Protein chains: 2
Amino acid sequence: MTPKQGEIMARLIRGETMESLHRGHFIVVDGDGVLIRSAGDTGFFTYMRSAAKPLQALPFLTSGTADEYGFSDEEIALACASHSGEARHTRVAELMLQRTELSEAYLRCGTHLPFYEKEAERMMRAGEYPTQLHNNCSGKHAAMLATAKHIGADLATYDALENPLQQQILSAVAMMTEIPVSEIAIGIDGCSAPNFAMPLSAMAKSFANLVSPPAGFSEETQKACGRIVSAMVKFPELIGGSERLDTMLMQAAEGQIISKVGAEGVWLCGILPSEKYPKGASIALKIEDGDDKRARPVVAVELLRQFGILSSEDLKDISPMPVKNRRGEIVGHVEATIKIV
Amino acid sequence: MTPKQGEIMARLIRGETMESLHRGHFIVVDGDGVLIRSAGDTGFFTYMRSAAKPLQALPFLTSGTADEYGFSDEEIALACASHSGEARHTRVAELMLQRTELSEAYLRCGTHLPFYEKEAERMMRAGEYPTQLHNNCSGKHAAMLATAKHIGADLATYDALENPLQQQILSAVAMMTEIPVSEIAIGIDGCSAPNFAMPLSAMAKSFANLVSPPAGFSEETQKACGRIVSAMVKFPELIGGSERLDTMLMQAAEGQIISKVGAEGVWLCGILPSEKYPKGASIALKIEDGDDKRARPVVAVELLRQFGILSSEDLKDISPMPVKNRRGEIVGHVEATIKIV
C-alpha cells in the first residue's frame, strides 16, 4: 500500500542552493484527542520504535514491580530512555539489575558503542569494549527483566512476544493508543524486543493519554502514567544524554513537555496540561526516509517554537543546523520548512 | 523552487511492515545523450559532490601535469576517488605529494577518521589520529596541488574558486556537462573545494561524454577522458575501498562501468561502449533525502541488474540489504522498488 505523499519538512541548503530535502508527516492533537494541526498523512503506518518506551514501561509500574523492589524515579526515567551510554547511564542500568539480583548477562538487548561519540572514542582509545549496559535500551531491558521476575515469567525469553510480560506490554500499548491489538503490526526492534507499528495518529493519541490519562483508565494506570511523566520531566539527562535531542528539548522546555525519539525519524512529544491546553496535547512526527540526524531535530524544534513551547532563542544551534566542511567552516545549513501557525 | 516529486525508489521493511521509504530521481542516457529511461525529476537541481571528481581530474591531465611529473594510473585513480583511508590509499596519496615535493601540510581538505570503520576503530585502539592523507578526498587534493604548481597558480589558495586552477576545473565541468558556467551553482564541498550544482540530466551527460568523448572535444581532452576511465577501471579498489559501493560495483561489473558516488545520495555511472550501446551510456541517480547508506546502494545495484550489467546473483548481500538487530539477527531488509524494464 503506497502511503499518501509526505510534505517537505526540511531541506539542506549548501551555499545558496538546495541540495537535499526530507518529507514527513505529523499530527498534533489535544488531550481529548481532537486534531489541532497535521501535515502529510496522519494515517502513515510505521513503527513507534523507541518512542514506545514510556508505554512499554507501564506494566513495570502497574504490576507493582517498581514498588516491590523500590525502583527510584531515576531508574524509571532510564526505563523510558534511549540513553547515550555515558557513565551516568550505565551506572543506573547496573543498579536496576542489582535491585533484582540479576546480572548484565540476563540482558538480551545486545551491545553497541555508546551513542555519544566522544564517549565511544574515549572507550576505544582506553582499550575498553561496550557491554550490554551501554546499549541505549539497557534501562528498558532491565525494567523488563524486573517485571518478568515479579510476575513469574520466564527470564530467558523475556523478549519473546509470547512471554506474558510482552503480552502485558502489548495490551498496554493497545490501551494507550486506543487501537485493538489485532490492528497493531509487530516487528523486532534493534534491541530484540517486539515493537509496534500503527498509524501516526494512534501514536499521538498514546502520548496525549500519557500526559492526561482519561478517567476511564484504572487508578493504577493513571498513577503509572503520572509517575512516568514526572520521572521523565525530572531527569531529562537520563532520557538521552549529552547533545541528544530529547534531553535538549526537555531541558529547554523546562518541564512543559516529555520528549521521546524513536529510530527511523520518529518523534513523540507530550505537552503537559497548561492554561492553553487544560488536558495537555501531543505531537507525533515521522520523517518518512527515517532521518534522525538533521530533519527530525530541526522540525521538532521548529514545531515546539510554533506552538510557543520554545522561543526563537532556544536551541539556535539545532535549528537551523549548520553544515560544516572538514575544516570546521560553515558551508550550509539544514532548515525546517514547515509553517503551522 | 519546489522540485517535482521524487519517485519511491527504496523502502525499509521490518517484519512484514514498511517502516520508512526513500524517494529519488534518475536518468539514463546513451552516449549521444539520448534519453533511455528516467524516473522522478530529471531536472532535479543539486550538487554533484564527489561524483564530480573524474571531471575535476581533467585539468590535471590536459595541462600536462600528470605527464610532467610522471603520475601513474594508480595515482590518477586516487585523484578520482572517495577512498576509505586504508593504508593502500594513504600510501598512494603520499606518493602523489612526493612527486611534486609537497607535504601533507599543503593539503586543505581537512581531516576525518577513515570511512572504513574497521580501520577507524583500529587507529583509535592503536592510539593513532587521522591526518589529511586519510581524508577521502586526499588524492583529488594532491592532484589539485600538483596542477596548481605546474600551471604556476598560488598553492596556498589552490581551493579558492578564484584560483586559476579552480577556474580551469569549472570550465572542464561546463564542457563535460554541456551547460554554461553561468548556469552552474557553486557551493563549498566537505573538503573545502568548490563544488557544482546543476540538473541531474547534465550530470548524466558528463559521464556519457567521459566514457565516449565526442569528436568535437580536443585531442587532449579525449585522451584525458580515456586515461581517467581506464585508470578507474584498472584500480576499482582505489576509488572506494573495502565494503565501498563504487569498488564493489566496478569489481562485480568486471570492466563494464565506471562508478562514482557523491555525498547526499548522488551516484553517477558510466557504461563503457559495448555491442548494445556502441557509444556507451550513463546513469545519474539522486536519492532526494541524501541517503547514501541503504537506498543508494540497493537502487544502484538494481539499476545495473535491470540493464543487464549485473546478474541477480551479483551483490546479493547489498540488494536487498539485510537489517539486523544488535544481536546480529536479521529483522528486516531494505529493497529497491524501481522497475525500469
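The values are calculated or read from the model by the stated rules, or taken from the named source; none is laboratory data. Because the structure is predicted, anything quoted here is derived from the model rather than measured. In this analysis, Cβ positions are derived from the backbone assuming ideal geometry, glycine residues included, and neighbour counts consider all displayed protein chains. Ligands, DNA and RNA are excluded from the accessible area calculation, which covers all protein heavy atoms including side chains. Shrake-Rupley method; radii C 1.70, N 1.55, O 1.52, S 1.80 Å.
Measuring from each cysteine beta-carbon in chain A, the ones with no other cysteine beta-carbon under 4.7 angstrom are A:CYS80, A:CYS225, A:CYS269. Using the Karplus relation 6.51 cos²θ - 1.76 cosθ + 1.60 with θ = phi - 60°, the per-residue 3J(HN,Hα) values for the stretch A:320-325 come to x, 9, x, 10, 10, 8 Hz, with x marking Gly and Pro. Remark: spin-label model distance A:VAL34-B:GLU101 equals 8.1 nm, labels positioned 7 Å along the Cα→Cβ axis.
Taking 7 Å steps out from each Cα toward its Cβ at B:ASP154 and B:ARG91 produces label points 3.8 nm apart.
Computing FRET efficiency as 1/(1 + (r/R0)^6) for B:GLU128 and A:LYS324, where r is the C-beta to C-beta distance and R0 is 30 Å, gives about 0.80. Can you check what the net charge comes to around B:GLY308, using other residues whose Cβ is under 15 Å from the Cβ of B:GLY308 (Lys, Arg +1; Asp, Glu -1)? Once positives and negatives cancel, what remains is -2. Per residue of peptide A:121-133, the mean number of Cβ atoms on other chains within 10 Å of the residue Cβ is 2.
Relative contact order, whole percent, for the stretch B:194-341 stands at 18, derived from Cα pairs under 8 Å and 6 or more residues apart.
Site pair A:GLU313 and B:GLU220 shows an inter-label distance of 5.9 nm when each label is modelled 7 Å from Cα along Cα→Cβ.
A straight Cα-to-Cα reach below 29 Å connects B:LYS118 with the lysines A:LYS118, A:LYS293, A:LYS324, B:LYS53, B:LYS140, B:LYS234, B:LYS260, B:LYS286, B:LYS293, B:LYS316, B:LYS324, residues fewer than 8 places away in its own chain not being considered.
Protein-only accessible surface at a 1.4 angstrom probe places the residues B:THR337, A:THR177 in the order B:THR337, A:THR177, largest first. Overall form of the stretch A:149-241: rounded. Here a/c, set by the Cα gyration tensor axes a ≥ b ≥ c, is under 1.5. Note on B:ARG88: accessible area is roughly 80 Å² with a 1.4 Å probe, heavy atoms of protein only. Other residues whose C-beta falls under 9 angstrom from the C-beta of A:GLY24 contribute a net charge of -1, scoring Lys and Arg +1 and Asp and Glu -1. Using the rule -39500 (n - 2.57) for each DSSP H run of four or more residues, divided by the residues of chain A, the 222 nm mean residue ellipticity is -10500 deg cm²/dmol.
The alpha carbon gyration tensor of chain B gives principal lengths a ≥ b ≥ c with a/c of 1.5 or higher and a/b no greater than b/c, which makes the shape oblate. Residues in the stretch A:132-144 carry Karplus couplings, in order, of 5, 5, 6, 4, 4, 9, 5, x, 4, 5, 5, 5, 4 Hz; the curve used is 6.51 cos²θ - 1.76 cosθ + 1.60 with θ = phi - 60°, and Gly or Pro positions show x. Buried area at the B:A interface is about 4200 square angstrom, summed over both chains, from accessible surfaces computed with a 1.4 angstrom probe.
Solvent-accessible area assigned to carbon and sulfur over the stretch A:152-272 amounts to 54 percent, based on a 1.4 Å probe. In the context of the full set of protein chains, residues of the protein assembly as shown present 36 Å² of accessible surface per residue (probe radius 1.4 Å, heavy atoms only).
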